[in-house]
Every structure is written in C-alpha cells, then in structure tokens.
Amino acid sequence: MTNNRLLAVSLGLLLLFTLTVFLFTNDSYELIESCSVWVRNYFGYFYLYLGLGCVLLLVLLSLSPLGSIRLGKSGQKPEHSNWAWISMLYSAGMGAGILLRAVQEPVFMLQNPPFNTTSARETLALEYTFFQWGFTPWAFYGLFAMIIGYALFVKHKKVRVSNAIEDAIPNKMARGGIDIITILTTVFGLIAAIGLGTTQINGGLNHLSESEFGLGTTLALAILISVLAFISVWRGVNKGIKMISKFNILITVGLLIIVFILSDMGAILGAFLSATFAYLVDFVPMSIAFGNYNPGLDFLTDWTFYYWAFWIAWAPFTGIFIARISKGRTIRELLLGVMIIPSIGTFLWFSVFGTSAFQLIQNWGNYQGEFDNVFSSIFVFFQHYPMAALLNFTTILLLISFLVTSVDSAVLVLSMFTDRGKKTPRRSHRFLWSVIVLLATLALIVLGHAKEDIDVLVAIQKLLIITSLPFSVFMLVMIPIFVNSLIRNKKKTA
C-alpha cells in the first residue's frame, strides 16, 4: 500500500475530521447543521429538477438504440442471474431503510398530508411515500451504475468515479478530488447507516424486553455487523455478498407475505393499484413541486430535499457496486432493471405495511402517536399481529443482515478505489477499510452518548447532504460527456 496517494489523503482527511469533531463537537455540529440547511434551501429545487431529468434521461436512453450497447463483449451473458443481481442491488441500495420507514413514513404522510388532492388521504400518503422511494432514487443509482459500468466493461478503465470524465477533464487533481469526496461520503454514509440500524435494533430490543439497553449493546451490535461484513467482503462477491443478499430478499419477501396474508388483502391490493396509478399520473408535477403538488418549502426541506440530497450522496458508491455486478447486461437491461423492479417491490412493501397500519389506526378510532418513533414503529406494529415475537425477531435478524450487505458492498467499493481501481481488490485493502469503518463508527457512537445534547448520528446524516452538492454539479458535467461517448461508440459499431 506504499505510494498510494489516494489512500493516504483519504485516511488523513478522515483522521482530521474525527479529531475536529472530538475537540470541537458543538462548533462542528452547528456548522454541519447550518451548511445542510443552506444546501437544501438554495439547491433543493435544483435537486428536484435534476431528479426528474435523470429519470427522463434513463427512460430515453433505455428505449433508444443506445440501450442495446452491452457492458462487456458482444453476446456475453450476464455475470450474475437476475435473482442474484436484483438481490444484491436492492440490499446495497436501500435495505434497512425500508424496515426503518415501513410504518412510520406512510402514517406520517397520512397524519400530515403534503398537499390537497382529490385522492383519498390513504392513497396520497402511499403515493408520496412511493415518490420518495421510487423511480428517482433508483435513477440516481442507475445513472452512476451505467456510466461506471460503461467505463469499466466497454472502455476497460479502472473502477473510479473520476474515470467517467477522464477523457474530457485530464487534470489529475480535479479528478482526484472527486474520488476523495466519494471515499469520504461512503465512509460517512456507512457510519450513519450502522448508527441508525443499531439504534433501531436497540429500539426493538427495548420494546420487546421492556428494558433499556445502553451503550454497551449498541457498541456490541456495531462490532457484530462490522465483523460479519468483513467476513462477507473477505470471501468476495460470489461467496459472501451474493449469498447474504439472497438471504435478505428471501426473508423480506417472507415477512411481506405473512403480513399480507394476516391483513386485509383486498384493501392492500386496492391501495397498491390506486397509489401506483396516482404516482404515475402525478409523477412529473410532484417531481418539480408544481402548482397544487407543491407541499411548501418547510415540508420539502424536511422530506423531499433531504431524501434527494441523501440519495445523490449515496449514488456514486452504490452505482459503482451495481456496475461491478452488471457485467454482460445491456444498458437497457441495467436501466430498466434498476429503476422498475426495485421500485415495484418497494411500492408493494409500503402498501402492505402502510395500509395495514392505516386500518389499525382506523379501528382504534383515536391515534395517539403509536407509530411516530421511527426506531420502534415496526415493532409496535407487529405487536398487533399473531406470532408477534417471531415477526419481531425476524425483523431484528433482517436488520442486521441488511446492514451487513450495505457495509460489505461499500467496503468492497472503497477497496477498489484505493487499490488502484482493481475490480477485485486485494484482501489487505478490504481488511483495512473494514477496520477503519468499525473504529470510526465506534468513536462516533461513544461521542454521541458522551454529548447527550447533540445527536452526532443526525449530524453525520446531514453531512451527507453537504457532500451531495459537488456530486450533483459533477453529474451535470458527467452526463453530456457520457452521452456523447455513447453516441460515438454506437456510430463506430454500426
């Protein structure tokens, strides 16, 4: 690892950031908070337009003759089966988030409708939840996956985001800056994911045992997840990440089917169809907050702007991982598969849990905020179903497993970056990044408990919003360069 400038600079900046947060915690928190609000206030609508533009661009490319370009040799079969591919991209792209928000977000949207509509409030609540978890975030992921996959398997470049613009921007320092931001954002994203996930697991354990698990349990969970992720990434994509991802999706589908069968199936199917139809019809005006579909700046800042910035920040490393597992697929298969299949699965998930929660609230006749806590809402929800203990235990197991796949896929990407862009990085890099991520997570969890008046994990999440800004600007540069390259490649092979 000697003479590895990208690794040295990245580790140096991570160490500097960690020391700064420890020494100047209050000032760091206030700075991050003010900067994240500034980004959302001044670039929020830009993110909306960028999101709609990405969806339309990907649909256009997938339906055009350019969509037939294969990421690999002509006639080459996909490296992974459809089932394995979908399992891995979904586990890496969203995973634990759908457990975190399964009940809480649809219920929040029901209690706080984003805008007036002729649709039923239940339909609107699901429609807006679909909007924030549907085509747009997967379009951000799909865009980076397509561009990196093309550079990797068609142009045979190394695995780095900067290589997407290498021909147009020869300045090594500028390209290196993009790679460093990607590494830092990936690490911060992992810390936030592990922190949120372990907090939800703690919430479940506290709810089930009616006791209070403290710092020791949180640290033990973080260590467990990091160790399992290291074992997975050490074994590689086929023997580690793929196997755990398949397990995740099987358990997720099983959990979905159980809740579906034990609930009002007709109501759920009706809600799914009506909300999906409304989402498709309203997608464009919702995407630009136009007219009656504008929920107001406060709502947008707290929800949509926040989500869009978060998805953009996660898009580079998630897109790189999806690109890494998409060898042999055409651009059309990649784009339509990434945007449509996970979105439909997410819509079904929120329809089942959201509609069932709506019916519980209706039967109660008086809602007292039972589902307001994002960390315990799904466990409270299961208490009203048969086999509650089994369902809650399965959810905790699934949370751990989803977090493992998020961490192992990110560690793989970090290792590819710092091991000079190799598709199969050395195990020494995988070990190094597993250790770094674990130590950074433990440090920030401890700091969060030491500073009770400051939510350090929320600060890290908001830090991702700040780092999303250079990526959004980079996307404006990257898209025309890539499309021009696609057109020239198509002409050569025609």
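The values are calculated or read from the model by the stated rules, or taken from the named source; none is laboratory data. These figures come from a predicted structure and were not determined experimentally. Using ideal geometry, Cβ is built from the backbone for each residue, glycine included, and neighbour counts are taken over all protein chains shown.
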Can we say Arg324 is touching a residue at least 24 places away in the same chain (Cβ under 8 Å), of a type in the set (Lys, Arg), under 25 Å from Phe283 (Cα atoms) and surrounded by 17 or more Cβ atoms within 10 Å (Cβ to Cβ)?
-> no
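Rundown of residues vs (1) among the small types (Gly, Ala, Ser); (2) farther than 21 Å from Ala271 by Cα, yes/no style:
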{"position": "Val59", "(1), (2)": "no, yes"}
{"position": "Pro78", "(1), (2)": "no, yes"}
{"position": "Ala84", "(1), (2)": "yes, yes"}
{"position": "Tyr90", "(1), (2)": "no, yes"}
{"position": "Leu110", "(1), (2)": "no, no"}
{"position": "Thr129", "(1), (2)": "no, no"}
{"position": "Trp133", "(1), (2)": "no, no"}
{"position": "Met146", "(1), (2)": "no, yes"}
In segment 35-67, residue surrounded by the fewest Cβ atoms within 10 Å (Cβ to Cβ) [restricted to those that are of a type in the set (Ser, Thr, Tyr) and modelled with pLDDT of 90 or more] | Tyr49
Answer with yes or no whether Glu79 is buried (at least 21 other Cβ atoms within 10 Å of the Cβ) and among the charged types (D, E, K, R).
-> no
Go over the candidates Leu221, Leu228, Leu250 one by one and state the one that is more than 19 Å from the chain's Cα centre (by Cα), buried (at least 23 other Cβ atoms within 10 Å of the Cβ) and modelled with pLDDT of 85 or more.
-> Leu221
Hey, any hits in segment 382-403 for a residue that's surrounded by 22 or more Cβ atoms within 10 Å (Cβ to Cβ) and in contact with a His (Cβ under 8 Å, 6 or more places away or on another chain)?
-> no
Are any residues in segment 200-218 in a loop (DSSP other than H, G, I, E, B) and either at pLDDT 80 or above or among the charged types (D, E, K, R) (or both), and if so, which ones?
-> Glu210, Glu212
Report yes if Ser211 is of a type in the set (Gly, Ala, Ser) and surrounded by fewer than 17 Cβ atoms within 10 Å (Cβ to Cβ), otherwise no.
-> yes
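Conditions tested, residue by residue: (1) modelled with pLDDT of 85 or more; (2) within 20 Å of His207 (Cα to Cα).
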position: Leu390; (1), (2): yes, yes
position: Ser415; (1), (2): yes, no
position: Gly421; (1), (2): no, no
position: Arg426; (1), (2): yes, no
position: His429; (1), (2): yes, no
position: Ile436; (1), (2): yes, no
Of the residues in segment 115-164, those that are more than 30 Å from Ala289 (Cα to Cα) and not in a loop (DSSP other than H, G, I, E, B) number 10
Output the qualifying pairs, or none if there are none: Cβ atoms under 8 angstrom, residues six or more apart or on different chains, first residue in segment 363-379 and among the small types (Gly, Ala, Ser), second residue modelled with pLDDT of 85 or more and surrounded by 11 or more Cβ atoms within 10 Å (Cβ to Cβ).
-> Ser377/Ala102; Ser377/Val103; Ser377/Gln104; Ser377/Val107; Ser377/Glu370; Ser377/Phe371
Just to be sure, is Val154 touching an Asp or Glu at 6+ places or on another chain (Cβ under 8 Å) and modelled with pLDDT of 75 or more?
-> no
With the checklist (1) more than 28 Å from Ser401 (Cβ to Cβ); (2) in contact (Cβ under 8 Å) with a residue 40 or more places away in the chain; (3) surrounded by fewer than 17 Cβ atoms within 10 Å (Cβ to Cβ) in hand, flag the one item Ala164 doesn't pass.
-> (3)
Breaking point among (1) within 23 Å of Asp302 (Cβ to Cβ); (2) in contact with a Leu (Cβ under 7 Å, 6 or more places away or on another chain); (3) surrounded by fewer than 16 Cβ atoms within 10 Å (Cβ to Cβ), for Phe22 | (1)
Pair list, Cβ < 9 Å and 6+ apart or interchain, from segment 412-425 residues that are small (Gly, Ala, Ser) to residues that are in a loop (DSSP other than H, G, I, E, B) = Ser415/Lys422; Ser415/Pro425; Ser415/Arg426; Gly421/Lys157; Gly421/Lys158; Gly421/Val159; Gly421/Arg160
Go over the candidates Leu71, Leu99 one by one and state the one that is within 26 Å of Ala193 (Cβ to Cβ), modelled with pLDDT of 85 or more and crowded, with 22+ Cβ neighbours inside 10 Å.
-> Leu99
Could you run through segment 170-179 and say how many residues are at pLDDT 80 or above and either surrounded by 19 or more Cβ atoms within 10 Å (Cβ to Cβ) or assigned to a loop (DSSP other than H, G, I, E, B) (or both)?
-> 2
Can you name the residue in segment 286-304 that is part of a helix (DSSP H, G or I) and either small (Gly, Ala, Ser) or in contact with a strand residue (DSSP E or B) (Cβ under 7 Å, 6 or more places away or on another chain) (or both) and, of all such residues, is surrounded by the most Cβ atoms within 10 Å (Cβ to Cβ)?
-> Ser287
